[in-house]
Amino acid sequence: EQYSGEIIMYYGDGTLSIFDSAIDAVQCSIEMQREMQEGLTVPLRIGIHSGDIVIEEDDIVGDSVNLASRIESLASVGSVLISDKVYDDVKNNPKIQTTFLKTFNLKNIEEPTDVYAISNPGLVVPDPETMTGKLEKEKIPFFSLKNKMLIPSIISLLFVALLAFWGGSFLNKSDQDITSKKIAVIPLAYDFSAGDEEEYFQSGMTEALITELSKIKGLFVINRPSTQVLLGGVGVQEVLVNDVVKDIDYFINGDLEKDQNEISVKVFLSKEIDGDLLFEKNYTTDISEIRTLWRDVSVDLAGQMGILSEEEANRRIGLKSVKPETYELYLKGIHYMNQSNPMDMSRGMTYMQEAIDQNPSDPYAYAGLAEAYVRLGHGPAPPPDVFPKALAAAQRAIQLDSTCAEGWAALAHYHTYFGKDWELAEYAFNKADELNPNMAYNHYHRAWYLALFGRMNEAIEEHQLAQELDPFIPLHTAWLGELYRWVGEYDKALAEVEKSSQMVEYDAIGNLVKGWIYIDQGKVEEGIAALRKAAEINIGFKYIGLAPVLARVGNTDEAKAIAQELEAAPPTGFGALCLGSIYAHLKDNDKALQCLQFEQKHGWYPWIRVLFMPEAFKNDERFLKLIRDMNLPDPAPLDYDPEL
């Protein structure tokens, strides 16, 4: 009803529907596909054509019915396909995205038909070279109607197949309560016969196993950066490691070998990091089937841990093969993009782009590249096109595979920091979490999305989850302390900062947060000292952390000097944000607002609603306009209940 549609025929597990316009039909189909992917996925194919049909007493006839059904038969689960006629009607609608697939000679259709896919986020775009359909002529079963009528050509036909829906064979048959198990995959042992260059292969294979295990309901999987610590030799205090290890239910180890394109792995399961083995098994495959291998390993391990449902056991089917050459590029890309220095980051992105160039149908490569662009957007001087590139890559990942959790995560992060479609961001966060609830970085970004809206209990819970999944990463610990600072939980905030300092020798974030806490507590000298230390480690914190506080506590000369230093540098979105904060604390509202109106916005810019700015400045109507221009609610007290 919302889209002026009507179901006019049921047949088996499908329906035939009509709409007042092609746009209504397409928008309804987009929403249906998204809804059907919530919770337990319902497989749905949709084909749409626009034309005349005749409804008689005992039949529905017309070439438009046949053409719609032929287009539907080409569709993949999760896709919406349209004819060239529908495309002409919707191509100028900004809310509808399309991708041309191919010109098909459809059975019993005289003229060749151009077929397009709707490519909005969340929808599958089929590979035109592998598309097949039921091209034999079939008589459509009828639904008895008493009246005979001609439906004008402006009406679109919606032809839907709910595969196995009524029988329920696709749905999860297990409602059993599954007790969650916390597991850690120790980096797989691998002989670097080719030198350190092959470290990418060890880390990539370990990450691939973690990813597959993460998709299994009931498994809480420690992320790879933190499992590196469990090998020893990483500078984290032993007490922190012991606190994490004692809560892990199972440890997974493995020996990895590679001979040309043949991969062999021996997997071990134990309850102690060096304890007796509960399970061991050898696996061998060609690298082209590596995703199937890790799915088989994860299913076997879940079975040994007693948490494997029938649904999970059957999910090993349908995994795509990989091209060995492009998969190697993908692994190198992920490995180097996860390094901390800019040169490695750039190197990784180059590898990832090469992987895409060689295999444009790989959703994981697009998702990895999208996340890298989002990370670049957090830097002090990101390229101006970094966020649009992130959006394009994230959308393509989802179009290629709507079950790619990393693609949904990248889309959520894009809209959180730049796109500002807040509703879509939350939808994408939920979708990513549904597909893989063990991505620590996704929970981290979601925490800051929630904090932007002042939803502090939820934000802290998400940040705690990120920390639990990746406990030895200072990012997840020090910034959690910052959220505690927002709500006045200073003891908890300082405890997190102290933990962060035990993870890294030069803790810029920890010192930044500690400085802000001390300033809030009136410990000005200690606060300034901590902020200066943060600025020595990370020059950006001199501008976003130290200078505004200097202005706040009355050291205006030094604050102005730092502002002048920043103004002498090439203009950037980050610089404009910092200058806006400095001048707002100097109570120069006009200059602060001028800086904040800089065209190129930094990824942190939306948080002027809740951070960076003094409370008095937030009452300026010009500032409120900036907030409203982002479709954000006006600044308001944070929503926090310490008893929850």
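The values are calculated or read from the model by the stated rules, or taken from the named source; none is laboratory data. Because the structure is predicted, anything quoted here is derived from the model rather than measured. Cβ: placed from backbone, ideal geometry, glycine included. Neighbour counts: every protein chain shown.
Look through SER288, SER298, SER309 and report the one residue that is touching a helix residue (DSSP H, G or I) at 6+ places or on another chain (Cβ under 9 Å), at pLDDT below 90, surrounded by 13 or more Cβ atoms within 10 Å (Cβ to Cβ) and among the small types (Gly, Ala, Ser). So that I can check it myself, show each step before the final result.
Values: SER288 fails: at pLDDT below 90; SER298 fails: at pLDDT below 90.
Every option except SER309 fails the conditions.
Is it true that some residue in the stretch 401-408 is surrounded by fewer than 24 Cβ atoms within 10 Å (Cβ to Cβ) and either without any contact (Cβ under 8 Å) to a residue 12 or more places away in the chain or under 27 Å from GLY575 (Cα atoms) (or both)?
No - not one qualifying residue is present in the stretch 401-408.
For the stretch 50-65, check the following and say yes or no: at least one residue is modelled with pLDDT of 85 or more, crowded, with 18+ Cβ neighbours inside 10 Å, touching a strand residue (DSSP E or B) at 6+ places or on another chain (Cβ under 9 Å) and under 12 Å from ILE118 (Cα atoms).
no
Tell me yes or no: at least one residue of the stretch 181-188 is over 19 Å from LEU278 (Cβ atoms) and either at pLDDT 60 or above or not in a strand (DSSP E or B) (or both).
Of the stretch 181-188, the ones over 19 Å from LEU278 (Cβ atoms) are 187.
From the residues that got through so far, the ones that are either at pLDDT 60 or above or not in a strand (DSSP E or B) (or both) too are 187.
Yes.
Being outside the structural domain of ARG375 (by TED's automatic domain parsing) and closer than 12 Å to PRO380 by Cα: is that true of ALA576 here?
The answer is yes for ALA576.
Among the numbered conditions (1) assigned by TED's automatic domain parsing to the domain that holds ALA412; (2) farther than 30 Å from GLU207 by Cα; (3) not charged (D, E, K, R), tell me where TYR518 comes up short.
If we test TYR518 against (1) assigned by TED's automatic domain parsing to the domain that holds ALA412; (2) farther than 30 Å from GLU207 by Cα; (3) not charged (D, E, K, R), just (1) comes out false.
Check off (1) without any contact (Cβ under 8 Å) to a residue 60 or more places away in the chain; (2) over 25 Å from PHE453 (Cβ atoms); (3) not basic (Lys, Arg) for PRO570 and give me the number that stays unchecked.
(1)
Within the stretch 351-363, work out how many residues are more than 15 Å from TYR200 (Cβ to Cβ), touching a residue at least 12 places away in the same chain (Cβ under 8 Å) and assigned to a helix (DSSP H, G or I).
Applying the first criterion (more than 15 Å from TYR200 (Cβ to Cβ)) to the stretch 351-363 yields 353, 356-363.
Subsequent filtering for residues that are touching a residue at least 12 places away in the same chain (Cβ under 8 Å) retains 353, 356, 358-359, 361-363.
From the residues that got through so far, the ones that are assigned to a helix (DSSP H, G or I) too are 353, 356, 358, 363.
Qualifying residue count for the region: 4.
If you scan the stretch 590-613, which residues turn out to be assigned to a helix (DSSP H, G or I) and surrounded by 18 or more Cβ atoms within 10 Å (Cβ to Cβ)?
From the stretch 590-613, those assigned to a helix (DSSP H, G or I) are 590-596, 605-609; that's our starting set.
Matches in the stretch 590-613: ALA592, LEU593, CYS595, LEU596, TYR605, PRO606, ILE608, ARG609.
Okay, residues lined up against (1) within 13 Å of the chain's Cα centre (by Cα); (2) among the aliphatic types (A, V, I, L, M); (3) in the same structural domain as ILE248 (by TED's automatic domain parsing):
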position	(1), (2), (3)
HIS413	yes, no, no
PHE429	yes, no, no
ALA432	yes, yes, no
ARG446	yes, no, no
ALA451	no, yes, no
ASN457	no, no, no
GLU462	no, no, no
LEU465	no, yes, no
PRO474	no, no, no
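Do any strands (runs of 3 or more DSSP E) lying entirely in the stretch 81-170 carry at least 3 residues that are in the same structural domain as SER64 (by TED's automatic domain parsing) and modelled with pLDDT of 50 or more, and which ones are they?
98-104, 113-118
State all residues of the stretch 617-644 that are in a helix (DSSP H, G or I), touching a residue at least 12 places away in the same chain (Cβ under 8 Å) and either surrounded by fewer than 16 Cβ atoms within 10 Å (Cβ to Cβ) or basic (Lys, Arg) (or both); if no residue qualifies, say none. It would help to see each step written out before you state the result.
Of the stretch 617-644, the ones in a helix (DSSP H, G or I) are 617-619, 621-629.
From what is left, the residues that are touching a residue at least 12 places away in the same chain (Cβ under 8 Å) are 617-618, 622-623, 626-627.
Passing the criteria: LYS618, ARG622.
So which of ALA561, ALA576 is surrounded by fewer than 18 Cβ atoms within 10 Å (Cβ to Cβ), among the aliphatic types (A, V, I, L, M) and modelled with pLDDT of 95 or more?
ALA561
Test SER346 against the stated conditions and say whether it is of a type in the set (Gly, Ala, Ser), under 23 Å from LYS320 (Cβ atoms) and either surrounded by fewer than 24 Cβ atoms within 10 Å (Cβ to Cβ) or more than 19 Å from the chain's Cα centre (by Cα) (or both).
It is false that SER346 is of a type in the set (Gly, Ala, Ser), under 23 Å from LYS320 (Cβ atoms) and either surrounded by fewer than 24 Cβ atoms within 10 Å (Cβ to Cβ) or more than 19 Å from the chain's Cα centre (by Cα) (or both).
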